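Working notes, structure below.
Rule-based calculations on the coordinates, nothing more; no lab input. Since we're looking at a predicted model, the values are computed, not measured. All Cβ positions, even for glycine, are placed from backbone atoms using ideal geometry, and neighbour counts span all protein chains on display.
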Amino acid sequence: MGVKAKLAAAVVGAFVVSTMGPTMAAAASDDGYVPLAGTAPSWAAPSQNGTVSPRDLRAGQQTKATMRVQVWLPQRHRAKLAKLASAFADPDSPQYGRSVSLSTYQKEFAPTKSSVAKVEKYLAKQGLKNATVLPHRAAIQVTAPSTRVAKAFRTPIKRVSNHGKKIVTATKNARVKSSIAPLISTITGLTQNPVHTMRVSKHVDRNGKSQPSAAKPPKQGTQYWKQAKPKGKKAKFDHQSRILSGYRPADIKKIYGIPTKLQKKSPTLGIVDAYDGINTVPQTKDGVKGDKKQTMKDTRKYFKGLGLKPPKWDQYVDHTPAKVKANSGWYGEQILDVQSSFAVAPNATIHYWGAPAAYNADLDTALYQAIVSGEVTTVSNSYGDIEANESKAENRTFNMIGQTASVLGVSIFASSGDDGDYSALGYKPMASSAPANSPWVTSVGGTSVGLNKHGKTVVRTGWEDDQSSNGKKKNATFVFGAGGGLSTLNKAPGYQYMVTDVKQLAIPTAAALADPYTGFLDYQTGNYKKQTGKYESWGGTSLASPLLAAMVGLAKVKHHSHWGLANPRLFQLYKTKALSDPRQYNAAEWGHAADGSLAYIAFDRGLQTLQSTVGFDNVTGVGAPHGRKFFKLMS
């Protein structure tokens, strides 16, 4: 079955909701309050056919958790804003590729001071005081105990189980006075569903170690694809190599054909993650105050260790509030994003925003602050969760942020996922992830890339890995791979529909290097007190997203471009020499597991429903950047 047929089959029965406009409140009840649709996730609300049973909801524990809640206000002149956003992203429009200034946005579309004052006053009467107003009066954020939040918005807030995770969430839609409802677009933060990084490491390695702990970079040359078979073994692969040690900046330049002259340019790149900096105490104690300067200490040490010129201290700007704490897992994500971005664009200025927690609402707030900062042309988000866990309020909010970014000339990129089609986690195959499921974001899938010592790419296939002891597919188990599928919440824009012939939004849009077995070598301090760390190979669509964002950032600087959404241009390059078309190569790497046994990692064999094909597919989208043509035509 071809990709179009697969996508069409998967879309049957899909549930579609509007991505734009204010939340439609129901009629007021006798007490004068109206519910705000979508503010409770569908899985937690029995009236919305949720996946948590009514019995589990009744059994859910009342909680006293602290919650950060964002009350978003409707933008003014929404019809005009939507029309501009569509025109700026429509290749057939004379306004295609344009953007507006922050001052124009503030003057024409930002909520009024009067509206903010009225909503603040209302919230204070409900016991939610000491509010913070986000830039351009987009939302009002309050922090309060969940009991007070529940009372203020007339909704039960409980700790319930969803797919094995205990989550604090509203189990019914928030309710507000009918008189204030027109001034509220939606509310986020009523669900504390943690998202995760899209960063993964190797399970086996060249010499039987799960991840080599090397204070110095691995031997030069071990990162290259070298056609070789293990002694005495005859697994039938057309291409096979010993497991690679991880590509370096010079290799990234070769894989994508980035012109040397272009790398001298200075794009402004944004990165949004959760938390900030390295723990100043042992890593087992997360949630402590971190050293925010360690990111650049490690990055400079990384480049010096590879014999390269390190970025200057002022090439990294941290916008995260001082009170945001550290987290060891997310610090690794922060390091990967920063070092891979500098690998593509060594003269870039990178701006970082760390959310105070790994919840959708907190990350959306950090993303909003990034896109209205006026500091960046691209923003990479290397995190996510399956779309089924996202509330409609969160989906609407992200789409609003993405649409605003597009109008302001900021391009957003998001990882497509690292769990393949999600079937191994108990979900329906070809489920999409959020926030990659937004039509206003470039969702980035993954590739496995074999680069030989001569700088030639001999393998470029979709990233879907399986592991076996003998190389046979029937004995293999799925390990990890790029996410892809169809959104049940968002429709496909016209330029995508012309390619996929499917009405639902398909992800990913495009792809870049993601397989940790052909991954990117980075450096991260593990012991803050001793300042000792290691070089190691990492991957995931967490790597693909900042790589593609940085390449687009270079292209925008080259052409002095001010457009926002990158998707229309990427689809215009579909089936041109500016994009490579990853496909199945019958390729594998081999190494040894921790117990010394032989292990094969085979690429893209379709153990799940996802596999790269000729043309558009749900692992690599329209393809991956390919040489000078990409930077010339991505204008």
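Antiparallel as a % of all DSSP beta bridges within the chain, to the nearest 5? Present the calculation step by step, with values, prior to reporting the outcome.
Working: 69 of 101 bridges.
In the chain, approximately 70 percent of DSSP beta bridges are antiparallel ones.
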For the stretch 188-204, take each phi angle, set θ = phi - 60°, evaluate the Karplus expression 6.51 cos²θ - 1.76 cosθ + 1.60, and give the result in whole Hz per residue in order, putting x for glycine and proline. 10, x, 7, 10, 9, 8, x, 8, 10, 5, 9, 10, 9, 10, 6, 8, 10
Between the stretch 109-124 and the stretch 149-180, what is the separation of their alpha carbon centroids in Å? 23
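Size of the dipole of the stretch 305-434 about the Cα centre, Lys and Arg at +1 and Asp and Glu at -1 on the beta carbon, nothing else charged, in debye to 20?
On the way: 7 positive and 14 negative charges, 59 e Å.
Value, rounded to 20: 280 debye.
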Choose one of T260, T488, F88: the residue whose Cα lies farthest towards the positive end of the charge dipole of the chain (beta-carbon charges +1 Lys, Arg; -1 Asp, Glu; about the Cα centre). T260
Using θ = phi - 60° and the Karplus form 6.51 cos²θ - 1.76 cosθ + 1.60, what ³J(HN,Hα) does each residue of the stretch 257-264 get, whole Hz, x for Gly and Pro? x, 6, x, 4, 4, 5, 5, 7
Is the C-alpha gyration tensor of the stretch 440-498 telling us rounded, prolate or oblate? Criteria: a/c under 1.5 is rounded; beyond that, a/b larger than b/c is prolate, otherwise oblate. oblate
Förster radius 35 Å - calculated FRET efficiency between H163 and D31 (Cβ-Cβ, nearest 0.05): 0.50
Using a 7 Å offset from the Cα along the Cα-to-Cβ direction at both S103 and L308, what is the distance between the two label points in nm, to one decimal? 3.9
Honestly the stretch 478-635 on the Cα gyration tensor test (a ≥ b ≥ c root eigenvalues; a/c under 1.5 rounded, otherwise a/b vs b/c for prolate or oblate) is just oblate
Only one of the listed values, (i) 117, 73, 46; (ii) 74, 60, 45; (iii) 79, 56, 55, was derived from the coordinates as Cα extents along the principal axes in Å; which label is it? (iii)
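Just want to confirm a number: the relative contact order over the stretch 490-635, from Cα pairs under 8 angstrom separated by 6+ residues, in percent. Present the calculation step by step, with values, prior to reporting the outcome.
On the way: 219 pairs, mean separation 40.0, N = 146.
Relative contact order comes out at 27 percent.
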Could you list which residues have their amide H under 5 Å from that of D205, counting only those 5 or more apart in sequence or on another chain, with H placed in the peptide plane? H592
Charges only on Cβ, +1 for Lys and Arg, -1 for Asp and Glu: so what's the dipole of the chain about the Cα centre, in debye to the nearest 20? 1080
Would you calculate the separation in nanometres between label points at K474 and T260, each defined as 7 Å from the Cα along the Cα-to-beta-carbon direction? 5.3
Inter-part gap, Cα centre of the stretch 577-602 to Cα centre of the stretch 500-545, in whole angstrom, is 16
Any idea what the dipole of the stretch 174-258 comes to, in debye rounded to 20, about its Cα centre with Lys/Arg Cβ at +1 and Asp/Glu Cβ at -1? 600
Take every Cα pair under 8 Å in the chain that's 6+ residues apart, average their separations, divide by the length, and report that relative contact order as a whole percent. 19
Return the percentage of antiparallel bridges among DSSP beta bridges fully within the stretch 392-519, rounded to the nearest 5 %. 55
Farthest positive-ward along the chain dipole, Cα basis, beta-carbon charges - from S161, A37, Q334: Q334
Expressed in angstrom and rounded, the centroid-to-centroid distance over alpha carbons for the stretch 374-453 and the stretch 204-274 is 24
In whole Hz, what ³J(HN,Hα) sequence does the stretch 394-399 give by Karplus (6.51, -1.76, 1.60; θ = phi - 60°), x for Gly and Pro? 5, 4, 5, 5, 5, 5
Tell me which residues come under 5 Å, amide H to amide H, from A512 once H is placed; ignore anything under 5 positions away on its chain. G445, G446, T447
Residues whose placed amide H lies under 5 Å from that of L505, excluding near-sequence neighbours: S487, N490, K491, A492
Highest mean packing first, using Cβ neighbours within 10 angstrom, the peptides 438-447, 532-541 sort as 438-447, 532-541
Label the stretch 188-276 by shape, choosing from rounded, prolate and oblate, from the square roots a ≥ b ≥ c of the eigenvalues of the Cα gyration tensor; if a/c is under 1.5 it is rounded, and otherwise prolate applies when a/b is larger than b/c, oblate when it is not. oblate
Can you return the lysines within cross-link range of K151? Criterion is Cα-Cα under 21 Å, with same-chain partners fewer than 8 residues away left out. K64, K118, K121, K125, K129, K172, K177
Among G307, A512, V116 the positive-end extreme of the charge dipole of the chain (Cβ point charges): G307
